[in-house]
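The next block holds one structure in the form of structure tokens; read it before the comments.
The values are calculated or read from the model by the stated rules, or taken from the named source; none is laboratory data. Treat the numbers as computed from the prediction; the structure is a model and nothing was measured. Quick reminder, even Gly has a Cβ in these numbers, built from the backbone with ideal geometry, and neighbours come from all protein chains shown. Ligands, DNA and RNA are stripped out before the accessible areas are found, and what is left, the full protein with its side chains, is counted by its heavy atoms. Shrake-Rupley method; radii C 1.70, N 1.55, O 1.52, S 1.80 Å.
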Amino acid sequence: MLISCPFCGEREVAEFEFRCTLEERGATAAERLYFRLADPRRSLEHWQHVRGCRMWLELHRDLRTGRVLRTASVPVPPADGTGS
Amino acid sequence: MGAYSAFGLLREAIRGPRAWQPLWERRAPEAAYDVVIVGGGGHGLATAYHLARHFGLRRVAVLERTLIGYGNVGRNTTIVRSNYLLPENQHFYEDALRRWRSLGRELNYNIMFSPRGVLDLATSDDQLAACARRGNAMRLAGIDAELLDRAAVGRFARALDCGAVRQFPIHGGLLQRRGGTVRHDAVAWGYARAAARLGVHIIEQCEVLGVVRVAGRIAGVETSRGTIAAERVGIAVAGGTAELARRLGIALPLETHLLQAGVTEPVKPMLDRVLIYMFPHGGEVYVSQSDRGGLVFGGMLDGYPSMTQRGEITRVRDVAAALTSLLPQVKQLRLLRHWAGMNDMTMDGSPIIDRIGGDELYLNGGWCYGGFKATPASGYAFAELIARGRASELIRAFRLSRFASGHLLDESGAGPFPSRQ
Ligand SMILES: Cc1cc2nc3c(=O)[nH]c(=O)nc-3n(C[C@H](O)[C@H](O)[C@H](O)COP(=O)(O)OP(=O)(O)OC[C@H]3O[C@@H](n4cnc5c(N)ncnc54)[C@H](O)[C@@H]3O)c2cc1C
Ligand SMILES: [Zn+2]
């Protein structure tokens, strides 16, 4: 898989580290923690370009094709938990 | 279909290869069943077998999207063990390990159960302490566990040069002697044959697309081969759980992740144990030698969600590096094949076996990367749940409501991060 870093361009996935999927829904704490994916075929994720610029990224991925749909940089590392 | 025996083998050898019968009959689905099991992996087949054998249900069908053995039951690294930390997991996996011992006889099929010992190798003092803790917990539960120092590791695993210079030296390990391997294909074929002999219909290339409800109650399933009526529906689709649950509108606390495994070219016997080599900061390799001679090995999940069933080359490299660090002699061998399987990873790393919404809809899933060893226990308990409508003590902790009530079974203490379980 290739990930296009907004700062460094297209790089191999080995340069990046996946952190977690992000909550897309949830009214209660249990829902936000454990039932956070709105659709199991797509996910919103936090990654870090650890072997590159070390910036935090938010990726939207199509899990059935493995393709990255959208990449955006996020200013600060997300707080512990699921990113809330 | 007769029973297999030494005499039968001799007779068929004389009669020639045409004499052997298929293990189960290829057939089209009938219009209605008492129970439909979705998914013809190890768990689905075992469930159908027990429904027919122990719970008196005769009109049972297993609906498999692809072919028997194409799922994770035929993709795993065949390791069976019960060396868990949490009591709920210990009792459940111990029940499975006891069942493996006699399963070959029960199914009248050689599943090649080989209790050759499963040895977790610690590469730091912390890890050795964690091994001691887990070993003590196991012994309190009446499960065999032995903490080995480095010298004892060397005596137990002759293939291993414990004194060799390694980036991560071996400090000792935790041994479960009764653990080992089982031939995975034989488990699928053995259960399928035994279930078919009891009248279960095994229907391949039949994908379940949804359930049929009449007046709000389960009445059957919608499939790629038409509608099939059923009084009860049991789901056991492992890596397909997230996708099927979405179709059924059930929210589940799981993500789909990939796990890869590989096998080397076959060589003469060189490794007679199951070794698991864990790195201090995460990363691992587990390896055993198959009866055919190939070294079968795997490592950690690919590290991020995917439904592609195509593994990442980075992980193949990492795992190969760990393997050759553990057993340098493997460097000379060629990699024969490597593959990936989709895993139904739950938010606490433990399975879900439950009745859904008080309906005649039952779910068996969330097996993560470790459900092969569970197959015989899961099959019996899931059959019991479907037949009686109530979970037995053994699987009560695997209920879905644990995520809302906070009674999680987080064996590794990783938190709600499936990629780190
Ligand atoms: C590389 C790898 C190594 C592993 N190593 C081990 C190990 O050493 N020890 C261990 O205990 N576990 C291991 N596991 C985990 C273990 O293989 C699985 O947890 C277990 O096999 C899952 O249960 P199953 O056999 O029923 O799954 P499967 O064999 O995957 O069965 C599920 C079936 O459901 C079918 N299906 C899916 N959706 C539908 C649908 N809509 N309609 C009809 N059918 C459908 C699929 O085609 C599939 O055949 C490993 C897994 C992988 C991928
Ligand atoms: Zn970058």
* Describe numerically, in nm with one decimal, the distance between label points set 7 Å from Cα along Cα→Cβ at residue B:125 and at residue A:27. => 5.2
* Asked: Roughly speaking, to the nearest percent, how much of segment A:2-74's 1.4 Å accessible area is carbon and sulfur?
  -> 47
* Asked: For segment B:73-144 and segment B:301-341, what is the separation of their C-alpha centers, rounded to whole Å?
  -> 23
* Structure fact -> Along principal axes, largest first, the alpha-carbon spread of segment A:2-74 in whole Å comes out as 38, 24, 17
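Under a 1.4 angstrom probe, counting protein chains only, how are B:347, B:112 ranked by accessible area, largest first? Please list the in-between numbers first.
Numbers: B:347 5, B:112 75 Å².
The ordering from most to least exposed comes out as B:112, B:347.
Please work out the average accessible area per residue across the protein assembly as shown, using the 1.4 Å probe convention, and give it in Å². Intermediate values should be presented prior to the final figure.
Details: 21610 Å² over 505 residues.
It amounts to 43 Å² per residue over the protein assembly as shown.
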* Asked: Using mean Cβ contacts within 10 Å as the protection proxy, how do A:8-19, A:38-49, B:10-21 order, highest first?
  -> A:38-49, A:8-19, B:10-21
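Determine, from the Cβ-Cβ distance of residue A:69 and residue B:144 and an R0 of 35 Å, the FRET efficiency 1/(1 + (r/R0)^6), rounded to the nearest 0.05. Working shown, then result.
Details: r = 50 Å, r/R0 = 1.42.
So the FRET efficiency works out to roughly 0.10.
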* Under a point spin-label approximation (7 Å from Cα along Cα-to-Cβ), what is the residue B:291-residue B:66 distance to one decimal in nm? -> 2.4
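In whole angstrom, how long is each semi-axis of the equivalent ellipsoid of chain B, when you take the square root of 5 times every eigenvalue of its Cα gyration tensor and sort them from largest down? Before the final figure, lay out each step's value.
Details: eigenvalues 251, 133, 77 Å².
They are 35, 26, 20 Å, listed largest first.
Rounded to the nearest 100 Å², what is the sum over both chains of accessible area buried where A meets B, with a probe of 1.4 Å? Each step should come with its number before you reach the end.
Numbers: alone 5210 and 18510 Å², together 21610 Å².
That pair of chains buries around 2100 Å² in total.
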* Just grab the label-to-label distance for residue B:250 and residue B:106, each label 7 Å out from Cα along the Cβ direction, in nm (one decimal). => 2.4
* **Computed accessible area, residue B:241, all protein chains, 1.4 angstrom probe, square angstrom** => 0
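Can you give the mean number of other chain Cβ atoms that lie within 10 Å of the Cβ atoms in peptide B:300-307?
6
How many partner chain Cβ atoms sit within 10 Å of a residue's Cβ in peptide B:243-254, on average, as a whole number?
Values: counts 4, 1, 1, 5, 0, 0, 0, 0, 9, 4, 7, 4.
The mean count of partner-chain Cβ atoms within 10 Å per residue comes to 3.
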* Accessible area drop of at least 50 Å² (1.4 Å probe, protein heavy atoms): which residues of segment A:1-34 qualify, relative to the chain alone? -> A:18, A:34
* Structure fact -> Expected vector for segment A:26-39, Karplus 3J(HN,Hα) from phi with 6.51, -1.76, 1.60 and θ = phi - 60°, integer Hz, x for Gly and Pro, equals x, 8, 9, 4, 4, 5, 5, 6, 10, 10, 7, 7, 7, 9
* To do: Enter the accessible area of residue B:373 (Å², nearest 10), with the probe set to 1.4 Å and all protein chains included.
  => 10
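Share of segment B:103-159's accessible area from carbon and sulfur, percent, 1.4 Å?
Working: 1380 of 2820 Å².
Carbon plus sulfur share of accessible area: 49 percent.
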* Structure fact -> Calc'd 3J(HN,Hα), segment B:357-366, phi into Karplus 6.51 cos²θ - 1.76 cosθ + 1.60 (θ = phi - 60°), Hz, glycine/Pro = x, comes to x, x, 8, 8, 10, 10, 10, 10, x, x
* Asked: Which value, in Å² rounded to 10, gives the accessible area of residue B:30 with a 1.4 Å probe and all protein chains present?
  -> 90
* Working from the pairwise distances between different alpha carbons, so that the mean of 1/r is found and then inverted, what is segment B:337-421's Kirkwood radius in Å? -> 13.6
* Asked: In terms of the Cα gyration tensor, with a ≥ b ≥ c the square roots of its eigenvalues, is the protein assembly as shown rounded because a/c is under 1.5, prolate because a/b exceeds b/c, or oblate?
  -> oblate
